[in-house]
Amino acid sequence: MTDIRTDSFEAMPARERERVRVEEENRRLAQERKKIARDGPKLKGAKLAARLDLAWRRPPGIVGWLATVDHKEIGRRYILTALGFLVLGGIMALFMRLQLARPDNSMIGAERYNQLFSMHGSTMMFLFAVPVMEGVAVYIIPLMLGTRSTAFPRLNAFSYYMYLFGGLMLWIAFVLNMAPDVGWFEYTPLSGPQYSPGKHTDIWAQMVTYTEVAALAAAVVLVCTILKARAPGMTLARMPLFAWAMLVEGIMIIFAMPAVALVTTVLLIPDRLVGTQFFNAGEGGDALLFQHMFWFFGHPEVYIIFLPATGFVSVIVETFCRRPVFAHSVVVLALISTGILSFGLWVHHMFATGLPRVGYSFFTAASISVSIPTGLQIFCWLATMWEGKPRFQVPMLYVVGFIFTFVIGGLTGVILAAVPLDLQLHDTYFVVAHLHYVLIGGAVFPLLGIFTYWFPKITGRMMNERLGRVSFWLVFFGFHATFLPMHWSGMLGMPRRVYTYPAGLGLEVPNLISTVGAFVLAFGVVLFVVNGLVSLYRGAIAGPNPWGAASLEWATSSPPPVYNFEHIPVVESDTPLWDTDGELPVVSGLRVDQKEMLLTTVVAATPDVREPVPQPSLWPFISACAVGLVFAASIFSAWAVPFGLIPCGIALIAWFWPKEMKRHPEPIIS
Amino acid sequence: MSLRASAKAAVLPLLLGACQYQQYQSDFGGAAVEDRQFLTLFWIFIAVCGVMYVLVIAFMLAGIARARRAEANVVETGRHHQSDPLMRSTLIGWTALIGVGLAALAIASFFTDRSMAKAATNEKLSVTVTGKQWWWDIQYNAADASKTLRTANELHLPVGVPTRILLQSSDVIHSFWVPSLAGKQDLIPGRANDITVVPTRVGIFRGPCAEFCGLQHAHMALVVVVEPYADFIKWWDHQLQPAPQPTTPLALAGYKYVTTGPCSACHAIGGTPANGQIAPDLTHLASRKSLAAGTMPMGEGQLYGWVEDPQSIKPGVNMPTIGLEPGQLHAVVAYLETLK
């Protein structure tokens, strides 16, 4: 056969020969294309769902569980782990409040109390606040953007395991009485080798490194997903405000977190382990260097926690006021400018350290000016409520509670930004009150609201409305009873981080009220958790869009299938589900026999590339184990670093081992 | 109604508490020029911030009330992309209001800061305070070296005299803070900080360490006695005297134990062989108002408790529990009580 064909082929003129070759190639590609299954006009409904399910489902069993790269599964684990740490950190807080209920109390000794507040701060900042925001985003962002997966799903899995190992190490150390005991800020020289013997401080420093690696990885995943994986037509201008908040947050993490990872792992641990003298003033080091680097991370950290919460508020306000947030572009600009300004404020944590006064004036002005974008955002939410028709279900109640509470925290922040005022109020209970108004009022209230809001999407069932209301009021009043009196105790001269205080200074009453309030608040949180657990099994079935919301995560079933959407939707406005009657327009042409996602251009979100999505893999888990082992072992010996690089290297090489690239015929996306 | 009643019940004791205790350790003390400037600026900030808060809450409540009555621009009416043009002007007005309010506050803060800095240049008295885990080492500097005075945990200041307090640390970071007098300033190893205070009122004030400095951070306080200038000079001259000779046999036994036993390894007592330099100077211990850096008031019972077992009172303190025989304990306390 070949002979004859070749002969006749050879006999043709050159141009004719070329034409035949092209035809032949096209025919072969057409044949292969037919073999590849794609979604589209011919493949839809249950048949399509079955094909997608087959392609996207991970293998069952413990190996499949560890190997999963599904953003929903990872996001769920992130959220649950972070909530677990919230409960642990909260229990620490209750013990502290019990100890401070009376003056000269001897219930908890100095040593244990110092561990308690160090654990409380470290847990809440590193193991709860940032991870829970990233966890919610890892779950919701791909759904909200109308895509099937995050970018770099294996990095996402790696991020979760690093976070989990860091948290476990800290808490195992606590159980073994090796917990950090010099605060969540670990100022040198108190945290240096001379004044912090034992391994308490090293455990803190390495826990920070784990969680920073995790946060950085998740931030990269989120930023890339938001920039490249949006549904076609979802231009940057139409992107939901929560995605904007997470984009700014992710970029902030990428700039801020290396500072703290550097100061703990690269400077503090060597000071303690191999005798470097970065922070030893006696040897030409500088104790204040630590504070500068810590707060260069630490202040943006506050906004890293707060900005996602503003995204939550925007989401809830939009849905429950039944109209888009007023002045979308103003809110976006406010988010971006908050992100930028937050890098110029860190010195307001250090006003009492005796830096030059001209510098103080600059940082006062910068700190005060950060309230302008936040004030604008608050105005935009209130204007939305003014123009719309707010429905007061539980998530909206949390928004109202947020406004009542956070604005107080913001205004006490303005007070603290003024140097003459800060010098009196710094490191007192006034600051404790301020930071909890900002972090609980500003971030946890919206988080509880958004948890109620997205609970039906994640579980398929609604949370109980009545229980939700009861727990809201308990949380709200418990919170204010706990933290409002702290402004007073601070003004009456109660410093932070004291395990007891003498009688006769007027501190008895405010402290007792705070303690009672803390238990009311805790009871509210317990009710919230009970509500979640009960609703998980007994809640009303939610349906795809129980709140009548506008964004894409509500366009798929609740809970979403493993492949998120049967068809990738096309977006033509900033509130797609409100502006289409019934069905959304969709893209077709993506493969359904293999995992594949559609990447779009950064600004205009026009279809760009079909990207294969990685299969489940154990290597992220193994890499996290290897890296975790190095971090943990380097607490005890510097030799862990060179020797530990070997298993890390092996795991990472296996993870990134190049796969053979197959040439696939390109489909035509219509 | 019940809410208001309970709010009243909660706030009243707080207000009373603030008034009652502001003499001793409170931002409301107002016992020095610096704290008075603080209070003025503080109330300006509270007023401006209070107005802002009321505006925000009023806007929110008005929005909620309005939504109940008016027809709204919502998705159900198909007008959810429309906005009231008036709202745009309100947004601009709101931004301007925030900008003006914040600028006013920033300027007020700036001028207060400058006037404090100016006050800090004409000091008449210089004291060096060194923070140690967990007590305060105090040295009054004088041009005449024989007048230089070393004491601990109790700072005497003459009323109306600008005093510069030089702050340094020999171990970790502490923070010097006497709420009724002035704001705080950190004591940082390797750095020289200072703070100037002009006390305006006679009184006794307490200053807790304000930077977490380790295990017993909670028990590191300073007592500040502000007194008329004549009294202050009298106090200084008295403190320069060596310790009085013990007269009773019991006190003499205590003297022998303290100056030859383990106490003298760390403590110094003027005019005796005890010359340790790493713990508080005891020369006029019994004249002080508190014991163990503000942990307890000074008194015979407290001295017994402290000398016998400091570790149970202030766990982790550098002073060890020696395990004195009852007889030794009586003698030591009897001697220490003579150190007026």
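Regarding region B:318-333, can at least one residue be identified that is at positive phi, free of Cβ contacts under 8 Å to residues at least 12 places away in the same chain and not aliphatic (A, V, I, L, M)? Before the answer, list the steps.
Kept after step one, since they are at positive phi, are these residues of region B:318-333: B:323.
Subset that is free of Cβ contacts under 8 Å to residues at least 12 places away in the same chain: B:323.
When the remaining residues are screened for being not aliphatic (A, V, I, L, M), the result is B:323.
Yes: one or more hits.
Within region A:299-318, is even one residue under 22 Å from A:M124 (Cβ atoms) and among the charged types (D, E, K, R)? Within region A:299-318, one or more residues are under 22 Å from A:M124 (Cβ atoms) and among the charged types (D, E, K, R).
Restricting attention to region B:27-84, which residues are among the acidic types (D, E) and at the interface with chain A (Cβ under 7 Å from one of its Cβ atoms)?
Going through region B:27-84, the residues among the acidic types (D, E) turn out to be B:27, B:34-35, B:71, B:76, B:84.
Matches in region B:27-84: B:D27, B:E76, B:D84.
In region B:170-183 there is at least one residue matching the filter, namely being charged (D, E, K, R) and within 19 Å of A:P495 (Cβ to Cβ).
Restricting attention to region A:118-158, the residues being under 11 Å from the mean Cα position of the chain (by Cα) and of a type in the set (S, T, Y) number 1. Checked across region B:218-230, the condition of being at pLDDT 90 or above, in a helix (DSSP H, G or I) and within 14 Å of chain A (Cβ to nearest Cβ) holds for at least one residue.
When every residue of region A:425-441 is checked against the conditions, at least one turns out to be under 22 Å from the mean Cα position of the chain (by Cα), among the small types (G, A, S) and away from chain B (no Cβ under 11 Å). Of all residues in region A:366-392, those satisfying the criterion of being more than 7 Å from chain B (Cβ to nearest Cβ) and either in contact with a Pro (Cβ under 8 Å, 6 or more places away or on another chain) or under 11 Å from A:V317 (Cα atoms) (or both) are A:C380, A:W381, A:T384, A:R391, A:F392.
Matching residues to (1) in contact with a Gly (Cβ under 9 Å, 6 or more places away or on another chain); (2) modelled with pLDDT under 90; (3) aliphatic (A, V, I, L, M):
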site: A:W554; (1), (2), (3): yes, no, no
site: A:P561; (1), (2), (3): no, no, no
site: A:R610; (1), (2), (3): yes, yes, no
site: A:F621; (1), (2), (3): no, no, no
site: A:F636; (1), (2), (3): no, yes, no
site: A:I650; (1), (2), (3): no, no, yes
site: A:W655; (1), (2), (3): no, no, no
site: A:E660; (1), (2), (3): no, yes, no
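Which of the following residues is surrounded by fewer than 24 Cβ atoms within 10 Å (Cβ to Cβ) and closer than 12 Å to A:G401 by Cα: A:F472, A:F445?
Numbers: A:F445 fails: surrounded by fewer than 24 Cβ atoms within 10 Å (Cβ to Cβ).
A:F472 is the lone residue from the list that is surrounded by fewer than 24 Cβ atoms within 10 Å (Cβ to Cβ) and closer than 12 Å to A:G401 by Cα.
Does any residue of region A:397-415 turn out to be at pLDDT 95 or above, among the hydroxyl-bearing types (S, T, Y) and more than 30 Å from A:Y499 (Cβ to Cβ)? Yes, region A:397-415 has at least one match.
Against the list (1) over 21 Å from A:T310 (Cα atoms); (2) away from every other protein chain (no Cβ under 12 Å); (3) β-branched (V, I, T), the condition A:T452 fails is (1). Scanning region A:324-342 for residues that are crowded, with 22+ Cβ neighbours inside 10 Å and more than 13 Å from chain B (Cβ to nearest Cβ) yields A:L335, A:T338, A:G339, A:S342.
Just one of A:I305, A:I368, A:I316 is of a type outside the set (K, R), at pLDDT below 95, out of contact with any strand residue (DSSP E or B) (no Cβ under 6 Å at 6 or more places or on another chain) and assigned to a helix (DSSP H, G or I); which is it? Can you show your working first?
Values: A:I305 fails: at pLDDT below 95; A:I316 fails: at pLDDT below 95.
None of the others qualify; the one that does is A:I368.
Taking region B:163-181 as the range and being among the small types (G, A, S) and under 23 Å from A:D286 (Cα atoms) as the test, the residues that pass are B:S169, B:S170, B:S175.
Quick grid of which residues meet (1) surrounded by fewer than 24 Cβ atoms within 10 Å (Cβ to Cβ); (2) modelled with pLDDT under 95; (3) out of contact with any strand residue (DSSP E or B) (no Cβ under 9 Å at 6 or more places or on another chain):
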{"site": "A:R112", "(1), (2), (3)": "yes, yes, yes"}
{"site": "A:P131", "(1), (2), (3)": "no, no, yes"}
{"site": "A:A137", "(1), (2), (3)": "no, no, yes"}
{"site": "A:I141", "(1), (2), (3)": "no, no, yes"}
{"site": "A:A151", "(1), (2), (3)": "yes, yes, no"}
{"site": "A:S159", "(1), (2), (3)": "no, no, yes"}
{"site": "A:M162", "(1), (2), (3)": "no, no, yes"}
{"site": "A:V175", "(1), (2), (3)": "yes, yes, yes"}
{"site": "A:V182", "(1), (2), (3)": "no, yes, yes"}
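Considering (1) touching a helix residue (DSSP H, G or I) at 6+ places or on another chain (Cβ under 7 Å); (2) polar (S, T, N, Q); (3) under 30 Å from B:E76 (Cα atoms), the lone condition that A:T580 does not fulfil carries the number (1). Here A:E73 does not fit the description of being exposed (fewer than 12 other Cβ atoms within 10 Å of the Cβ) and at pLDDT 70 or above.
Testing A:F297 on (1) outside any helix (DSSP H, G or I); (2) touching a helix residue (DSSP H, G or I) at 6+ places or on another chain (Cβ under 8 Å), one condition comes back false. Which one is that? Single failed check for A:F297: (1). Note on region B:124-140: residues that are in a strand (DSSP E or B) and either at pLDDT below 90 or aromatic (F, W, Y) (or both) total 3. Pairs are defined by a Cβ separation below 7 Å, a sequence spacing of at least 6 or placement on different chains, a first member in region A:188-200 that is closer than 10 Å to A:A287 by Cα, and a second member that is aromatic (F, W, Y) and in a loop (DSSP other than H, G, I, E, B); the pairs so defined are A:T188/A:F279; A:P189/A:Y195; A:P189/A:F279; A:G192/A:F279.
Answer yes or no as to whether B:G214 is more than 7 Å from chain A (Cβ to nearest Cβ), at positive phi and either buried (at least 24 other Cβ atoms within 10 Å of the Cβ) or part of a loop (DSSP other than H, G, I, E, B) (or both). So B:G214 fails the test. Quick check on this structure: which one of B:N122, B:N153, B:N141 is within 24 Å of B:L339 (Cα to Cα), out of contact with any Asp or Glu (no Cβ under 8 Å at 6 or more places or on another chain) and surrounded by fewer than 17 Cβ atoms within 10 Å (Cβ to Cβ)? Result: B:N141 is the single residue among B:N122, B:N153, B:N141 that is within 24 Å of B:L339 (Cα to Cα), out of contact with any Asp or Glu (no Cβ under 8 Å at 6 or more places or on another chain) and surrounded by fewer than 17 Cβ atoms within 10 Å (Cβ to Cβ).
Residues in region B:53-70 that are out of contact with any Phe, Trp or Tyr (no Cβ under 9 Å at 6 or more places or on another chain) and either outside any helix (DSSP H, G or I) or crowded, with 20+ Cβ neighbours inside 10 Å (or both): 1 in all.
Only residues that are of a type outside the set (G, A, S) and over 17 Å from A:T310 (Cα atoms): list them for region A:227-249, please.
Hits for region A:227-249 are A:L227, A:K228, A:R230, A:P232, A:M234, A:T235, A:L236, A:R238.
Filtering region B:100-118 down to residues that are surrounded by fewer than 18 Cβ atoms within 10 Å (Cβ to Cβ) and within 22 Å of the chain's Cα centre (by Cα), which residue is farthest from the other protein chains (Cβ to nearest Cβ)? Ranking the candidates gives B:S115 first. Of everything in region A:472-508, what is more than 10 Å from chain B (Cβ to nearest Cβ) and not in a helix (DSSP H, G or I)? Give them in sequence order. The one that is more than 10 Å from chain B (Cβ to nearest Cβ) and not in a helix (DSSP H, G or I): A:A503. Applying the set (1) assigned to a loop (DSSP other than H, G, I, E, B); (2) within 9 Å of chain A (Cβ to nearest Cβ); (3) not hydroxyl-bearing (S, T, Y) to B:D186 leaves exactly one unmet item: (1).
The values are calculated or read from the model by the stated rules, or taken from the named source; none is laboratory data. From a predicted model like this one, the values you see are computed outputs, not experimental measurements. Quick reminder, even Gly has a Cβ in these numbers, built from the backbone with ideal geometry, and neighbours come from all protein chains shown.
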